[in-house]
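See structure below.
The values are calculated or read from the model by the stated rules, or taken from the named source; none is laboratory data. It should be emphasised that the depicted structure is a prediction, and the values quoted were computed from it without experimental measurement. Neighbour counts are summed over all protein chains in view; Cβ atoms, including those assigned to glycine, are modelled from backbone coordinates with ideal geometry.
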Amino acid sequence: MDTLIKVENLRVSYPVAGGLFGRGGGVVNAVDGVSFEISRGEIVGLVGESGSGKTTTGRAIIRLAPVSGGSIFYFDGKNKTDLATLSKREFFPFRKKIQMIFQDPFNSLDPRMTIFKILCEPLDIYFKLDKKSKLKRAEELMELVGLEPSHLFRFPHEFSGGQRQRIGIARALAVQPEFIICDEPVSALDVSVQAQIINLISDLRSKLNLTCLFIAHDIAVVEHISSRMMVMTEGKIVESGVSAELCANPRHPYTRRLIDAVPKF
Amino acid sequence: MKASLRAFRALLSVVFSDRHTGACFIFLAILCLACMFAEFFAPYPFAEQNLAIGASAPCAEHIFGTDILGRDVFTRILYGGRISFAVGFAATAVAVLIGACYGMVSALSPRRVDSAMMRLVDIAYALPFTILVILLMIIFGRSLWLIFVAIGAVEWLTMARIVRGMTLDIKSRQFVLASEALGQGFWGIMRLHILPNLIGTILVCATLTVPSVMLLESFLSFLGLGVQAPLPSWGTLVKEGAEYMLDAPWMLVFPAFFFSATLYCLNRVGAKLSAADLRRFSK
Ligand SMILES: Nc1ncnc2c1ncn2[C@@H]1O[C@H](COP(=O)(O)OP(=O)(O)OP(=O)(O)O)[C@@H](O)[C@H]1O
Ligand SMILES: [Mg+2]
């Protein structure tokens, strides 16, 4: 399998304010030496409880969190680039390749923009389109994520949580990325809607040949969608492997705890 | 253009959502227009004296009476209102411009710069600004422009704090992160997300700044440092009225009534707007 992204010993640390005048504070290692590889076309899950550093890992890959150590290799044909060493300008082309779906659908859409404007933002950055083709493209994206194209001129607050998450997905797909980081895309949603969004992501992945890092705190969700998964706690990956095997046969006590935490009916 | 029209319509719908605030708004609108076109509405020129009648009580020719120089009080209220409103709006514009820019720059700067800029505001807050303004007036003389600038310079501080807080809040929202992840640059994020989400707050602050500016102007005029005679402002009218309070109470009562009513209405409208869901301004 050809590797798309290879993370080695990634570290992200934030200073913690302490002492008078903010001096004498230590650092918190949100991500503490994480390594993994994702192959092209694969969905890899990343589970862990709240505060374990999942979001920070995802954000570090697309430079929304400051990388303080390690490397992130991105494979593009024969080229191999270490994303961690790029300047802001050098990183720009990778923004088109790597996109993120955010955790909170109520916070990730600008309340003052219509859906059309929201979808136009990525289109305006990368594609020089006239108004008509932008509209056409936006309608295509709406259909792609299972929304009514005629709702393009509504505002985000007129949609439900699940629909908003679909809009967030459409926005990420607008730039035609090859790698998508889904940061707990369903944890803010009703259980009944969760399955729909997960199936949508799964369908889109095979349709558009995407690679996906799927973050969740619910191990059952990750098991369902991903072929491989990694278990993270306190900034470290403690166990990883093929999803089904790992869930059937957890070795690390923390993984066992996560599995036990899944409600059974 | 279409968006600002929509915002204006939404604004009106908020103001008129209860009768009381609606009435306040209408009162303000009428008074503002009457003051702006004082030449048409005022029965006399503002400086026309009639020493023969002196301070006379309200009658058919002079519905609010005349002052000691025989000048029509109603006329002077309209012209005085023009100055007071002008100072109110112009100084507010200055305050909003300086305050909003300062607050925004502070919020978007690195942490150290931000806290340095905010400490500066704290220090400026602690200065006895009224005295400073009075000193400025004494040094540079009493010009209308100086009043605008001086008052604006005092009022921007609050604005700066509010806008900074709001910008920090918007900046941390996920849609700004998403925009960054899409490859949007700094100015794009400003134009598309930060500014549009700030406008409502700035607008509300501005409506609440106007009355406090007008009050400050009247205070300066009351001290004799404001608008120069024979040009009236509500502050000078109230001051003159207070001097002859016992002999000619109408000289105090009518200007004071219009002034207080205006301040009340401005505050009422501002409070209503700030209580409203600000999201409505964009729809
Ligand atoms: N900007 C920041 N400044 C300081 N500390 C941060 C920052 N972002 C995250 N952290 C810290 O890093 C740790 C990991 O946070 P992260 O958001 O990655 O957790 P998470 O696994 O995504 O949790 P959740 O499931 O709640 O989303 C937390 O302890 C958090 O306090
Ligand atoms: Mg998270």
Residue in segment A:174-192 that is assigned to a helix (DSSP H, G or I), more than 14 Å from chain B (Cβ to nearest Cβ) and in contact with a Ser or Thr (Cβ under 9 Å, 6 or more places away or on another chain) present: no
Here's a check for you: in segment B:218-244, which residue that is over 18 Å from the mean Cα position of the chain (by Cα) and modelled with pLDDT under 80 is surrounded by the fewest Cβ atoms within 10 Å (Cβ to Cβ)? B:ALA229
Based on what the data block shows, is B:SER218 at negative phi and more than 14 Å from chain A (Cβ to nearest Cβ)? yes
Could you please tell me which pairs satisfy a Cβ distance under 7 Å, a separation of 6+ or placement on different chains, a first residue in segment A:105-123 that is within 10 Å of B:SER179 (Cα to Cα) and at the interface with chain B (Cβ under 8 Å from one of its Cβ atoms), and a second residue that is of a type in the set (D, E, K, R) and buried (at least 24 other Cβ atoms within 10 Å of the Cβ)? A:PRO122/A:ARG171
Which residue, of B:ILE194, B:ILE147, B:ILE134, B:ILE138, is among the hydrophobic types (A, V, I, L, M, F, W, C), part of a helix (DSSP H, G or I) and within 14 Å of chain A (Cβ to nearest Cβ)? B:ILE194
Is there any pair with a first residue in segment B:202-230 that is small (Gly, Ala, Ser) and a second that is outside any helix (DSSP H, G or I) and crowded, with 23+ Cβ neighbours inside 10 Å whose Cβ atoms are under 8 Å apart and which are 6 or more apart or on different chains, and what are they? B:SER218/B:GLY226; B:SER218/B:SER233; B:SER221/B:VAL227; B:SER221/B:SER233; B:GLY226/B:SER233
Select from segment A:196-224 the residues that are at pLDDT 90 or above, surrounded by 15 or more Cβ atoms within 10 Å (Cβ to Cβ) and in a helix (DSSP H, G or I) and list them in ascending order. A:GLN196, A:ILE197, A:ILE198, A:LEU200, A:ILE201, A:SER202, A:LEU204, A:ARG205
Determine if segment A:64-86 includes at least one residue that is more than 16 Å from ligand 2 (Cβ to nearest atom), closer than 18 Å to A:ILE180 by Cα and under 14 Å from the mean Cα position of the chain (by Cα). no
Of the listed residues (A:LEU200, A:LEU213, A:LEU173), the one being within 16 Å of ligand 1 (Cβ to nearest atom) and in contact (Cβ under 8 Å) with a residue 40 or more places away in the chain is A:LEU213
Options B:GLY80, B:GLY65, B:GLY70: the member that is closer than 21 Å to B:LEU263 by Cβ, modelled with pLDDT of 70 or more and not acidic (Asp, Glu): B:GLY80
Restricting attention to segment A:1-21, which residues are more than 13 Å from ligand 1 (Cβ to nearest atom) and either farther than 30 Å from A:ILE180 by Cα or at pLDDT 85 or above (or both)? A:ASP2, A:THR3, A:LEU4, A:ILE5, A:LYS6, A:VAL7, A:GLU8, A:ASN9, A:GLY19, A:LEU20, A:PHE21
Would you mind finding the one in A:ARG171, A:ARG154 that is touching a Ser or Thr at 6+ places or on another chain (Cβ under 9 Å), crowded, with 17+ Cβ neighbours inside 10 Å, within 14 Å of chain B (Cβ to nearest Cβ) and among the charged types (D, E, K, R)? A:ARG171
Whichever residue in segment B:165-183 is within 9 Å of chain A (Cβ to nearest Cβ) and touching a His at 6+ places or on another chain (Cβ under 9 Å) and, among such residues, is surrounded by the most Cβ atoms within 10 Å (Cβ to Cβ): B:PHE175
Which numbered condition trips up B:ILE199, out of (1) in a helix (DSSP H, G or I); (2) over 30 Å from B:SER4 (Cα atoms); (3) more than 14 Å from the chain's Cα centre (by Cα)? (2)
Number of positions in segment A:28-55 that are within 13 Å of ligand 1 (Cβ to nearest atom), of a type outside the set (A, V, I, L, M, F, W, C) and without any contact (Cβ under 8 Å) to a residue 40 or more places away in the chain: 1
Inside segment A:182-193, the number of residues satisfying the requirement of being out of contact with any Asp or Glu (no Cβ under 6 Å at 6 or more places or on another chain) and within 16 Å of ligand 2 (Cβ to nearest atom) is 7
